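K.L.:
If you scroll down you'll find the structure; I have some questions about it.
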Amino acid sequence: MHATLPPVSFDPGTGLAVLRTAHSLYALRLASDGSPRHLYWGPPLDPSELARMPDAPAAAASSFEADAAADELAPQTGARFGPAGLQVRFADGTRGAQWRFAGHTVDGGELRLCLDDRHRPLRAELCYRVRSGTDVIERWTELTHTGAPDGPEGPIGVGRLDSASWTAPPLPDYRLSHLVGGWNSEFRLQRDRLPVAETVLTSRRGLTSHHAAPWLAVDDGTATEDAGEVWSTALAWSGSWRITVHRDPGGRTTWTGGFGHEGIGWTLRPGETLCAPVYAGLYSPDGFGAASRGWHRYVRAHVLPGPERDRPVLYNSWEATGFDVDEAGQMRLARLAARAGAELFVLDDGWFGTRRDDRSGLGDWTPRPEAFPRGLRPLADEVHRLGMEFGLWVEPEMVNPDSTLYRARPDWVVHSSRLDATELRNQLVLNFARPEVEAWAGDTLDRLVRENGVDWLKWDANRAFTEAGWDGHHDPDRLWIDHTRAVHRVMDRLRAAHPGLRIEACAGGGGRVDLGILARTDQAWTSDNTDPVDRIGIQNGFGQLFPAQVMAAWVTDSPNTATGRRTPLRFRFHVAMAGALGLGGDLTSWSGEELDEAAALVALYKEIRPVVQRGHQHRVAPAGGPVTAVHYAAADGGEHVLLSWRPATRFGHRPDPVRLPALDPGARYRDLETDRVHSGAVLVRHGIDPRLPAGDHASSLIRLRRVPS
Ligand code: DGJ
């Protein structure tokens, strides 16, 4: 970055706004109609070069074509025929805003452009923020009804308020990378040629979803892990969302995104403001790997509440005991977990109310008397005595109809009383948008944490929304937004009241992982699928956006409960050591040798943890090939870890050496297992033998240390 240029500037004379990061520049310009139009997003440019950049043609090519200049947020007026990021409807039935530029503010790294409707009391602020030390630009929109309470303009219906619209530069072709999946198969990386069409990525589930993630990357079809320009964006929202990518026949590619799915709205009353969540964007000139590292840097520096804290090696009882939990059984597991080196013991589902299976008890957050006759405190004390922290599973947003809470407060669920409520996993969703429900959840969780010495909450959510309604409310659709905001607020409140408390995000595995939830949690339960072979692909997709320290990964039993696949303990460990390691098997069935091997591997993980959790991640042999390998490099370049996995062997196919391009070719590196010293140039250009043993489910962990020169 040019030393003297500010991160954010706006010139009222030319209407040019510029945002600068270390390796990128983003620019927009006000059009003659007052609306901000996209100008440039790519490598840095000098101010003189920028000033010479031509605007898109002022007029469309014909009376049938869209305006050539892409909007920063498209309203529903003018020659704009693509997806509108702002959709409003006034009381008289007219739709769409027509802007007049009404001023700007620049405050450090933040720019706000104010747009007033030329005809109505409506104001939009387009907000931009440069995030220091990263190449990420955050954007969001705030929409205000500026009319007086008793003014002539009634409430304004907001059908859509996107956070931002993004535009890729003209490219010979476009490719879209995104994440797809389902329960037990989240975060599968999908890389397709972008059709000349509107492509919708969305969740209508009230949760971020297992099925699609609000992250995408666009390139020209030739980018690789190590080279090529990549434009990527990620939305900080944990409820329903929608991103529409539009590659038009004229060759332009834009995408607009924000909270809410199609068909739900918001009624904006005079004086009210609706704030859209942050939609962050990152330009990388150096391929998908560098884009991921750019996101990881941003998540650590500007999203996570406690990025510097080591994620503990946890033990979780779910796969071992299911709902069949009691004090004696959990204490037995806790002792074995401590022996294996766990630092946190998490009591999962089944400890409360009448909960013996998934048919009852959700909502009644007091210990189940037959299972914990003395309450949870004796278990928590024993866990602490064993030198571990105590974690507790909760699912605060949900209720079983068979529960004391539901019998007392049937009106608290989101389901409209005029529709039959669909039960999923025998449960309904509580409407956190109701202030009394939010307060109840906050008080209940606060009490649980306070009374039981809870150091960690695993916050789960095991169903999607259906038949969402809010009887008696003037604007029931807003529960889709306000529920999520309240979940965020309850988490924030708990963290503020209990500064040591850590929270793990979970929604039936990875059903709610996004930048919004990660701003108030420490890690996410990646997937209920703990099969290490499946996990290689899941973890590869997860890591496109999120750093290893938030990727919870457990070692569980063999055969795996989800897939029935048998794999060696070492392979299971090596796959889980790529993230925040946990143990999730039935340790009572592990042999003494297995427990010893587990303890040794946990101890090894603790040695490599700073590099895995805080280092830079390089996908040196990306998932999909015969061998997958990930290289973690400490920020100072001293320590390195290479994890390699080969799920299936093939006769005659020796694994290729794995090249480590992030190493310094001028340095030398000692292999801590063999004591051999390697030339950096050889490791960069030729690679290292991943030393995979023969057979299926082969894996290795290689540690390299830079030799002082
Ligand atoms: C879904 C979670 O992903 C699991 O880890 C476990 O906590 C179960 N819910 C408990 O019901």
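K.L.:
If I take R0 = 60 Å and measure r between the Cβ atoms of Asp411 and Leu386 in this structure, what FRET efficiency does the formula 1/(1 + (r/R0)^6) give, to the nearest 0.05?
P.N.:
Efficiency at R0 = 60 Å is approximately 0.85.
K.L.:
Check each of the chymotrypsin sites (Phe, Trp or Tyr not before Pro) in the range 4-90 and keep only those in coil by DSSP with at most 16 other C-beta atoms within 10 angstrom; list them in order.
P.N.:
Here the chymotrypsin sites (Phe, Trp or Tyr not before Pro) that fit, given the DSSP loop and packing criteria, are Phe64, Phe81.
K.L.:
Further question: Of Thr530, Val627, Val313, which is farthest along the charge dipole of the chain in the positive direction, counting Lys and Arg as +1 and Asp and Glu as -1 at C-beta?
P.N.:
Working it through, the farthest residue towards the positive pole turns out to be Val627.
K.L.:
Quickly rank 148-156, 691-699 as a protection proxy: mean count of other C-beta atoms within 10 Å, highest first.
P.N.:
In descending order of packing, they fall as 691-699, 148-156.
K.L.:
Set the Förster distance to 56 Å, then compute FRET efficiency between Arg100 and Glu308 from the Cβ-Cβ distance, nearest 0.05.
P.N.:
0.75
K.L.:
Can you give me the relative contact order of the range 81-221 as a percent, contacts being Cα pairs under 8 Å and 6 or more apart?
P.N.:
Normalised by residue count, the contact order of the range 81-221 is 19 percent.
K.L.:
Additional query: Around Trp351, under 10 Å between beta carbons, what's the net of Lys plus Arg minus Asp minus Glu among the other residues?
P.N.:
Value of the local net charge: -2.
K.L.:
Give me the tail of P(r) for the range 621-706 as a percent: Cα-Cα pairs with distance above 20 Å.
P.N.:
30 percent
K.L.:
Mind putting a number on the dipole of the chain about its Cα centre? Charges go on the C-beta only, +1 for Lys and Arg and -1 for Asp and Glu, and I need it in Debye to the nearest 20.
P.N.:
The dipole magnitude comes to about 1080 debye.
K.L.:
Gap in Å between the Cα centre of the range 35-99 and the Cα centre of the range 395-411?
P.N.:
Measuring centre to centre over Cα atoms gives 48 Å.
K.L.:
So what's the net charge close to Asp286: Lys and Arg +1, Asp and Glu -1, counting the other residues with Cβ under 11 Å from its Cβ?
P.N.:
Neighbour charge sum, excluding Asp286 itself: -3.
K.L.:
Next up: With charges only on Cβ, +1 for K and R and -1 for D and E, what is the dipole size of the range 76-302 about its Cα centre, in debye, rounded to 20?
P.N.:
In debye, rounded to 20, the range 76-302 gives about 320.
K.L.:
Rounded if a/c is under 1.5, else prolate if a/b is larger than b/c, else oblate: which is the range 257-299, with a ≥ b ≥ c the root eigenvalues of its Cα gyration tensor?
P.N.:
Prolate.
K.L.:
By average Cβ neighbour count within 10 Å, what is the ranking of 273-281, 355-363 from highest down?
P.N.:
Highest mean packing first, the order is 273-281, 355-363.
K.L.:
Separate question: For a label point 7 Å from the Cα of Arg377 along Cα→C-beta, name the residues of the range 437-467 whose backbone N is under 19 Å from it.
P.N.:
Zone members listed by number: 444-456.
K.L.:
Another question about this same structure. Please state the charge dipole magnitude for the range 621-706, taken about the Cα centre, from unit charges on C-beta atoms (+1 on K and R, -1 on D and E), reported in debye and rounded to the nearest 20.
P.N.:
160 debye
K.L.:
Now for a separate question. Could you work out what % of the accessible surface of the range 76-302 is carbon and sulfur, using a 1.4 angstrom probe and leaving DNA, RNA and ligands out of the count?
P.N.:
Carbon with sulfur: 49 percent of the solvent-accessible area.
K.L.:
While we're looking at this one, here's another question. With the contact rule set at Cα under 8 Å and sequence spacing of 6 or more, what percent relative contact order holds for the chain?
P.N.:
Once normalised by length, the contact order is 10 percent.
K.L.:
Keeping all protein chains in place, calculate the accessible area per residue for the chain (probe 1.4 angstrom), answer in Å².
P.N.:
With the other protein chains kept in place, the chain gives 37 Å² per residue.
K.L.:
Using alpha carbon centroids, what distance separates the range 209-271 and the range 438-452, in Å?
P.N.:
36 Å
K.L.:
When only Cα pairs under 8 Å and 6 or more residues apart are kept, what is the percent relative contact order across the range 1-53?
P.N.:
24 percent
K.L.:
Next up: Can you check what the net charge comes to around Arg478, using other residues whose Cβ is under 12 Å from the Cβ of Arg478 (Lys, Arg +1; Asp, Glu -1)?
P.N.:
Residues near Arg478 contribute -1 overall.
K.L.:
In the chain, if the dipole is taken from +1 on Lys/Arg beta carbons and -1 on Asp/Glu beta carbons about the Cα centre, which of Cys114, His574, Gln427 is farthest to the positive end?
P.N.:
Projecting each Cα onto the dipole axis, the largest value belongs to His574.
K.L.:
Same structure again: Roughly what would the spin-label model give for Asp636 and Ala562, points 7 Å off Cα along C-beta, in nm?
P.N.:
It is 3.8 nm.
K.L.:
Show me 221-227, 424-430, 550-556, 488-494 ranked by packing, highest mean number of other Cβ atoms within 10 Å first.
P.N.:
Output ranking for 221-227, 424-430, 550-556, 488-494: 550-556, 424-430, 488-494, 221-227.
K.L.:
So for the pair Ala439, Leu604, with labels modelled 7 Å out along Cα→Cβ, what separation do we get in nm?
P.N.:
Placing both labels 7 Å beyond Cα along the Cβ direction yields 5.5 nm.
K.L.:
Still on this structure, I have one more. For an R0 of 22 angstrom, estimate the FRET efficiency from the Cβ-Cβ distance between Glu65 and Glu198 and round to the nearest 0.05.
P.N.:
Rounded to the nearest 0.05, the efficiency is 0.85.
K.L.:
How many percent of DSSP beta bridges within the range 380-467 run antiparallel, rounded to 5?
P.N.:
DSSP beta bridges in the range 380-467 are roughly 50 percent antiparallel.
K.L.:
Given labels modelled 7 Å from the Cα in the Cβ direction, how far is it in nm from Arg339 to His686?
P.N.:
4.6 nm
K.L.:
Same structure, new question: Express the carbon and sulfur contribution to the solvent-accessible surface of the range 611-693 as a percent, rounded to the nearest whole number, probe 1.4 angstrom.
P.N.:
51 percent
K.L.:
Still on this structure, I have one more. So which DSSP H runs in the chain come out at 15 Å plus along the axis (Cα) with average Kyte-Doolittle of at least -0.5?
P.N.:
Helix filter hits for the chain: 327-340, 479-497, 592-614.
K.L.:
Given the DSSP H assignment, sum -39500 (n - 2.57) over each helix run of at least 4 residues in the chain and divide by its residue total; what's the result at 222 nm in deg cm²/dmol, nearest 500?
P.N.:
-6000 deg cm²/dmol
The values are calculated or read from the model by the stated rules, or taken from the named source; none is laboratory data. In this text the structure is predicted, and so the values were computed from the model without any measurement. Backbone-built Cβ (ideal geometry, glycine too); neighbour counts: all protein chains shown. These area figures cover heavy atoms from the full protein model, side chains too; ligands, DNA and RNA do not enter into them. Shrake-Rupley method; radii C 1.70, N 1.55, O 1.52, S 1.80 Å.
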